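Enquirer: This structure is in structure tokens; I'll ask about it shortly.
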């Protein structure tokens, strides 16, 4: 059981979690979570921190959700159990003891160095994200999602260069505080406090650092410049 609990911890004890094209409950009984909405929320708030193939997410601050959940599926965990673990871990990210499917589950393993903020999504939104992750994590990407998977989260096929919109769509709002973007993330630096200049923002967005993934190849040079302009011109305002 220690191995099982450690895998659960690796799956969900960090950063932000969580989304398949289409709706449904993903084997979650009578739950009516909106899986399609969950994917949108995952992309905006969680993709910067996690790997999840269906969402094209390549973040490295939190657990690789595909690797973690493929092991749980091999062990025969029910989807309803996976759903409850993800849902409760988002609600109580520092809680190591969860009551799931009528039993106590203790999350072994070390606490993450980058801690997911509590209530990054709430209520029906949290259930939607949990349902999405449950539906796709550790499973082959479905043919209907191939077009989505070929475009990494945060990219913009239209070539949009609206820095504020890109800051949100790339998932930056989930990790940083920036009043101009309505962002209150607490995983990464508070940009209003640090007030980074354009050169620094450009370097971090391009190459990443620490838990922040690089966006080179995900965003175009023009889009990275747009994000850098937006942040450097508005941080602290």
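Values in this text are rule-based calculations from the coordinates and carry no lab data. Since we're looking at a predicted model, the values are computed, not measured. Neighbour counts run over all protein chains shown; Cβ positions are idealised from the backbone, glycine included.
Enquirer: Could you sort 124-134, 212-222 so that the peptide with the highest average Cβ count within 10 Å comes first and the rest follow in order? Could the numbers behind the result be given before it?
Expert: Numbers: 124-134: 26.9, 212-222: 17.5.
Going from most to least packed, we get 124-134, 212-222.
Enquirer: Decide, for the range 188-230, between rounded, prolate and oblate: order the square roots of the alpha carbon gyration tensor eigenvalues as a ≥ b ≥ c, take rounded if a/c falls under 1.5, and otherwise choose prolate if a/b is larger than b/c, else oblate.
Expert: Values: a/c = 2.34, a/b = 1.26, b/c = 1.86.
Oblate, because a/c is 1.5 or more while a/b does not exceed b/c.
Enquirer: Between residue 221 and residue 200, with labels modelled 7 Å along Cα→Cβ, what's the label distance in nm to one decimal, could you check?
Expert: Here the answer is 2.5 nm between the modelled labels.
Enquirer: Can you tell me which of 183-196, 37-50 comes out highest on packing, and rank the rest after it, using the mean Cβ neighbours within 10 Å?
Expert: Numbers: 183-196: 17.1, 37-50: 26.5.
The densest-packed peptide leads the list: 37-50, 183-196.
Enquirer: Further question on the same structure: Which peptide among 66-78, 161-173 comes first, and what is the full order, when sorted by highest mean count of other Cβ atoms within 10 Å?
Expert: On the way: 66-78: 15.9, 161-173: 20.9.
Highest-to-lowest ranking by the protection proxy: 161-173, 66-78.
Enquirer: Is the range 163-234 best put as rounded, prolate or oblate by its Cα gyration tensor, with a ≥ b ≥ c the root eigenvalues, rounded for a/c under 1.5, and otherwise prolate when a/b is larger than b/c, oblate when not? Before the final figure, lay out the partial values.
Expert: Working: a/c = 1.38, a/b = 1.25, b/c = 1.10.
Rounded.
Enquirer: With 10 angstrom as the radius, rank 85, 141 by how many other C-beta atoms surround their C-beta, starting from the fewest. Write out the running numbers ahead of the final one.
Expert: On the way: 85 27, 141 18.
Fewest-to-most ranking of 85, 141: 141, 85.
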